[in-house]
Amino acid sequence: MAAGGTSFVAPQFNGVIALINQASSRRQGQANYKLYAMASHEYGIPGLPNILPFVPSVVTCESNYLSIAEFSRVFPSCVFYDIYRTPDIGTAICSGFHNSNCVVDGNDMVCATGSTDCFTGTAGDAYRLLSISTSKFEPAWYQSAGFSDAVGLGSFNITNLVKNWSKPSWFVPFVSSTAVSASSGTITAAGKSVKTTTLTATVTASGRGSLAPPMGTVNFYASEVGASDVAAACGEGLQGLLNLLGASALAPGTGNATAVLSGLNSLQLGGFGTHTVIACFSGDGANDAPSACVTSVTVDE
């Protein structure tokens with residue numbers, strides 16, 4: 001019995017994500033951000049392919065039997081298997097940088113000569129292949145090492161995908177920056193003319209062309225740590241030592257997102273004196289990296 005198609009693949013990949021959720025003890029959200037980031041680590045990026053012969057790369061992770069044999073020590077550690085070339089019948093050379101004696105894999109359909117979008121190269125042929133041009137053969141589904149319109153990133157090794165999903169070495173998060181400000185840098189103490197301040201954190205991320213705003217939550221803390229310790233203060237190990245003022249969900253803007261925490265008074269900040277306020281963005285499911293910023297608020301008598 002043979003079967004396939006998206007109706008089979010979708011529930012299968014759903015099961016893979018369930019394994020990732022189980023291994024990481026957290027939900028993943030949109031998986032494409034992580035998948036393409038991990039593929040960039042293995043294959044490289046346009047104009048700068050990863051062609052190293054001793055690690056998972058666009059050279060060592062090709063799914064044809066000659067390539068598998070040549071790079072047998074590396075192939076088992078690949079996350080993605082590039083579906084790109086098939087060796088000609090009887091050839092022993094079609095791997096690595098050797099492109100002769102290879103058939104570039106593709107996804108095309110047979111068509112009847114004379115039908116729409118059917119290119120016929122030999123007069124008298126009853127059947128040929130679908131093409132975006134009828135004067136020369138141009139397949140609709142283009143191929144290149146590391147990606148194809150037909151199969152995307154290729155196939156993948158489930159064990160290696162799950163194992164490397166959360167490893168920093170397999171993906172580089174998009175850079176983000178956080179700026180925080182207080183509507184009033186000085187407020188008076190409770191019991192007098194009570195005054196409050198509003199904290200605003202704006203988070204900008206470089207991913208997706210800086211067009212899509214980051215999402216998630218910003219936590220605001222009061223602390224006495226210096227500005228040089230801001231990044232460490234936002235780490236899980238030190239957050240318990242800080243005074244959590246509150247959390248606010250980011251509201252999307254144009255290329256950035258804003259979180260607002262309003263109505264903070266002197267008691268919440270810790271009384272008289274100048275207090276360091278830290279805004280911590282914890283990152284999001286779109287692979288935007290965590291970032292933080294600091295400001296200060298003074299409580300006068």
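Tabulated data
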read-out: Top-ranked residue in region 92-128 [being in the same structural domain as SER40 (by TED's automatic domain parsing) and free of Cβ contacts under 8 Å to residues at least 12 places away in the same chain; ranked as surrounded by the fewest Cβ atoms within 10 Å (Cβ to Cβ)]; value: SER100
read-out: Condition broken by LEU269, with the remaining ones in (1) over 27 Å from the mean Cα position of the chain (by Cα); (2) modelled with pLDDT of 90 or more; (3) crowded, with 21+ Cβ neighbours inside 10 Å satisfied; value: (2)
read-out: Residues located in region 134-155, provided they are within 30 Å of the chain's Cα centre (by Cα) and outside any strand (DSSP E or B); value: PRO139, ALA140, TRP141, TYR142, ALA145, GLY146, ASP149, ALA150, VAL151, LEU153, GLY154
read-out: Residue, nearest to the chain's Cα centre (by Cα), within region 81-119, restricted to residues that are of a type in the set (Gly, Ala, Ser) and within 26 Å of SER131 (Cα to Cα); value: GLY106
read-out: Any chance ALA286 is in contact (Cβ under 8 Å) with a residue 12 or more places away in the chain, under 12 Å from MET215 (Cα atoms), among the hydrophobic types (A, V, I, L, M, F, W, C) and surrounded by 15 or more Cβ atoms within 10 Å (Cβ to Cβ); value: yes
read-out: Answer from ASN219, ASN256, ASN243 - the residue that is outside the structural domain of ASN32 (by TED's automatic domain parsing), modelled with pLDDT of 75 or more, of a type in the set (S, T, N, Q) and surrounded by fewer than 18 Cβ atoms within 10 Å (Cβ to Cβ); value: ASN243
read-out: Per-region count, region 156-165, residues more than 11 Å from the chain's Cα centre (by Cα) and part of a loop (DSSP other than H, G, I, E, B); value: 1
read-out: Some residue of region 10-18 being touching a Pro at 6+ places or on another chain (Cβ under 6 Å), surrounded by 15 or more Cβ atoms within 10 Å (Cβ to Cβ) and modelled with pLDDT of 90 or more; value: no
read-out: Region 27-53, residues that are over 22 Å from GLY146 (Cβ atoms) and exposed (fewer than 11 other Cβ atoms within 10 Å of the Cβ); value: ARG27
read-out: Identity of the residue in region 222-239, more than 29 Å from the chain's Cα centre (by Cα) and not in a loop (DSSP other than H, G, I, E, B), that ends up modelled with the lowest pLDDT; value: ALA227
read-out: Subset of region 165-204 that is at pLDDT below 85 and surrounded by 19 or more Cβ atoms within 10 Å (Cβ to Cβ) - its residue that is farthest from ILE278 (Cα to Cα); value: PHE171
read-out: Evaluation of CYS78 against (1) under 15 Å from the mean Cα position of the chain (by Cα); (2) surrounded by 21 or more Cβ atoms within 10 Å (Cβ to Cβ) (one fails), failing number; value: (1)
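The values are calculated or read from the model by the stated rules, or taken from the named source; none is laboratory data. Keep in mind that this is a model prediction, so the values were computed, not measured. So basically every Cβ, Gly included, is an ideal-geometry build from the backbone, and we count neighbours across all protein chains shown.
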